[in-house]
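Student: Structure in structure tokens, see below.
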Amino acid sequence: PVVTVLLKFNPFKSGTSGTSTITVTEPNHGRSTGDTVRFRSVEAFDGFTASTVESASGYSITKVDDNTYTFTASGETATSGNTTGGGGIASAGPVTVSA
């Protein structure tokens, strides 16, 4: 989608401890592997800071299925692993948003 979408509560799940892979749950997302997605209004979780997940350049994703996809966070890794987080007002969308 070319619009920003509000994600469900705690839509992110870290991979195993020490990895930088994050799985995003976004039902019926319509995205494809290689799409670039930017996340906004994210709360820190499991060793990932909000500023890392909210990278201004976004992240290239890998589609897992119609409801989930993954991306690799830059420079940070999961502390505990397999932990959900991100808060209640996180969104996913294009790198730039028109006003």
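Only the coordinates and a few stated rules stand behind these numbers; no lab work does. Values in this document were obtained by computation on a predicted structure and should not be read as measured data.
Student: Taking amide H positions as placed in the peptide plane 1.01 Å from N, state which residues far from residue 87 in sequence (5 or more) or on other chains have amide H under 5 Å from it.
Tutor: Result for residue 87 returns 10, 43.
Student: Related question: Ordered by residue, what ³J(HN,Hα) values in Hz, to whole numbers, does region 53-59 give under the Karplus form 6.51 cos²θ - 1.76 cosθ + 1.60, where θ = phi - 60° and Gly and Pro are x?
Tutor: With the stated coefficients, region 53-59 comes to 5, 8, 2, 4, 8, x, 9 Hz.
Student: Something else now. Collect residues whose amide H, placed 1.01 Å from N in the peptide plane, falls under 5 Å from the amide H of residue 15; neighbours closer than 5 in sequence don't count.
Tutor: HN-HN under 5 Å from residue 15: 21, 23, 82.
Student: Amide H of residue 38 versus every other amide H placed in the peptide plane: which residues, excluding those fewer than 5 positions away on the same chain, fall under 5 Å?
Tutor: Here the answer is 59, 93, 95, since their amide H atoms fall under 5 Å of that of residue 38.
Student: Rounded to whole Hz and in sequence order, give me ³J(HN,Hα) for region 14-21 from the Karplus expression 6.51 cos²θ - 1.76 cosθ + 1.60, θ = phi - 60°, writing x for Gly and Pro.
Tutor: Result, rounded to whole Hz: 6, x, 5, 3, x, 9, 10, 7.
Student: Just need the relative contact order of the chain here, percent rounded to a whole number, with Cα pairs under 8 Å and 6+ apart.
Tutor: 45 percent
Student: Still on this structure, please answer the following. For the chain, what does -39500 (n - 2.57) per DSSP helix run (n ≥ 4), summed and divided by total residues, give at 222 nm, in deg cm²/dmol to the nearest 500?
Tutor: After summing the helix terms and dividing by the residues of the chain, the value is -500 deg cm²/dmol.
Student: What ³J(HN,Hα) values, in whole Hz, does the Karplus curve 6.51 cos²θ - 1.76 cosθ + 1.60 give for region 25-33 when θ = phi - 60°, with x put for Gly and Pro?
Tutor: Taking θ as phi minus 60°, the curve returns 9, 9, x, 6, 5, x, 9, 10, 4 Hz for region 25-33.
Student: Identify which of the listed values of Rg/Rh (Cα atoms, Kirkwood Rh) was calculated from the structure shown: (i) 0.93; (ii) 1.05; (iii) 1.02.
Tutor: Read-out taken from this structure: (i).
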